[in-house]
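One structure is given here, and the rest of the page talks about it.
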């Protein structure tokens, strides 16, 4: 005798059978994914993270213009942000100068 499926769903036109435990698990992780992140950052740390990200992006973008004598895969950290900003403003074009100015605190 064939048992009927425990739970039947139709996803993208396909019929999909799953057990109640799997359905409950997926519902639980879906609920957690929609909640606000529990990580708290103070504003200064968040600003520093953005500055490092923007410095890394500028280093990659202006590598051939301003940073040609350095390795392309150089890791830029918080200590390097001021150096990237100064180099952009010293050796770059107008766009590089503006990005360098925005990296300065």
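Give segment 36-83 a look and list any residue that's in contact with a helix residue (DSSP H, G or I) (Cβ under 7 Å, 6 or more places away or on another chain) and assigned to a helix (DSSP H, G or I), or say none. The answer is 48, 51, 52, 54, 55, 58, 59, 65, 66, 78, 80, 81. Has segment 39-50 got any residue that is loosely packed, with under 10 Cβ neighbours inside 10 Å, modelled with pLDDT under 80 and under 20 Å from the mean Cα position of the chain (by Cα)? There is at least one residue in segment 39-50 that is loosely packed, with under 10 Cβ neighbours inside 10 Å, modelled with pLDDT under 80 and under 20 Å from the mean Cα position of the chain (by Cα).
Can you name the residue in segment 75-89 that is within 17 Å of residue 64 (Cα to Cα) and without any contact (Cβ under 8 Å) to a residue 12 or more places away in the chain and is also nearest to the chain's Cα centre (by Cα) among such residues? Can you show your working first?
Going through segment 75-89, the residues within 17 Å of residue 64 (Cα to Cα) turn out to be 75-76, 83-89.
Narrowing further to those that are without any contact (Cβ under 8 Å) to a residue 12 or more places away in the chain: 75, 83.
Working: 75: 16, 83: 23 Å.
Out of the qualifying residues, it is 75.
The values are calculated or read from the model by the stated rules, or taken from the named source; none is laboratory data. These figures come from a predicted structure and were not determined experimentally. Positions of Cβ are generated from backbone atoms using ideal geometry, with glycine treated the same way; all protein chains shown enter the neighbour counts.
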